[in-house]
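Undergrad: Here's a structure for you.
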Amino acid sequence: MGKWKDCSRLACVPALFCIYTAYLYTLATVYRPAIAENQLKGSKNAEMRFPTSLADLNQLASLLKAFKDDHPGYVFVLFCSAYVYKQCFAIPGSVFMVRAAAAVLALL
């Protein structure tokens, strides 16, 4: 009986991963606040994704700074959710998240 209990707990990990991924995607796309068109006109910064290089980090930081001025609570919840997601599921790249926090959330 003990083996099956452990297997059922292990089966919860993929389900939790899918649920949290859907939550983070929804938070980043559906509930994303509207930004004035002139802030992002002709800019590649309109896409939110996890940074994989310093160039990506700079683009994400500029986008989040634009959001932070009008929606500081949204930026805080989005950043915390993304950081917990990366840490819980051992996704590499948390060092970029720490640098983004220093750039964006320093004076929140």
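The values are calculated or read from the model by the stated rules, or taken from the named source; none is laboratory data. Fair warning: this is a prediction, and the values are worked out from it, not measured in the lab. All Cβ positions, glycine included, derive from the backbone under ideal geometry; neighbour counts span all protein chains shown.
Undergrad: Restricting to segment 7-50, count the residues that are part of a helix (DSSP H, G or I) and modelled with pLDDT under 65. Outline the logic, then answer.
TA: Taking segment 7-50 first, the residues part of a helix (DSSP H, G or I) are 7-29, 37-40, 44-46.
Restricting the remaining residues to those that are modelled with pLDDT under 65 gives 7, 37-40, 44-46.
Counting residues in segment 7-50 that are part of a helix (DSSP H, G or I) and modelled with pLDDT under 65 gives 8.
Undergrad: Also: Could you tell me how many of the residues in segment 75-96 are crowded, with 17+ Cβ neighbours inside 10 Å and either free of Cβ contacts under 8 Å to residues at least 24 places away in the same chain or among the aromatic types (Phe, Trp, Tyr) (or both)?
TA: Number satisfying all stated conditions: 3.
Undergrad: So how many residues does segment 71-97 have that are farther than 16 Å from Leu27 by Cβ, at pLDDT 80 or above and part of a helix (DSSP H, G or I)?
TA: 1
Undergrad: Starting from residues that are outside any helix (DSSP H, G or I) and under 14 Å from the mean Cα position of the chain (by Cα), keep the ones in segment 51-70 and report whichever is modelled with the lowest pLDDT. Outline the logic, then answer.
TA: Of the residues in segment 51-70, the ones outside any helix (DSSP H, G or I) are 51-53.
Applying the additional criterion that residues be under 14 Å from the mean Cα position of the chain (by Cα) yields 51-52.
Numbers: Pro51: 75, Thr52: 79.
Among them, the one singled out is Pro51.
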